[in-house]
1. Can you list the helices (runs of 4 or more DSSP H) found entirely within region 1-96 that contain at least 1 residues being modelled with pLDDT of 95 or more?
2. Say we look at region 31-46 and pick out the residues that are more than 15 Å from the chain's Cα centre (by Cα) and touching a residue at least 12 places away in the same chain (Cβ under 8 Å); which of these is nearest to Lys97 (Cα to Cα)?
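The values are calculated or read from the model by the stated rules, or taken from the named source; none is laboratory data. Since the structure is predicted, the reported quantities are computational estimates derived from the model, not experimental observations. Reconstructed Cβ throughout: ideal geometry from the backbone, glycine too, with neighbour counts over all protein chains shown.
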Amino acid sequence: MIKTVLRNLISNAIKFTRLHGKIDVTASKKSDSIELEVADNGVGMREEIRNKLFDFRTNKSTTGTANESGSGLGLMLCNEFIEKHGGKIGVESELGKGSIFKIQLPLQA
């Protein structure tokens, strides 16, 4: 499930980052958790969009930088998978400056 989450986040970063953009995937160990980040310097998003990303009732797919389409379900599934592992997923983003998706997973479940 964690591989699926990372694959989806990286795929989304590619989808919303222009040609020759930058995507970083990092992991760090904390005292009681592992933190994973997928960061890009892509198109970013407004606060109103960020607030709806993980809600199936209001989330809609957004067209990518090369007109890629999606279902809008990927991030909701990512959220569910991370929660099943006792973790949390969140996003920081600014329109025109990119996004950082952060995952925190406990070392012991």
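1. 2-15, 74-84
2. Ile34
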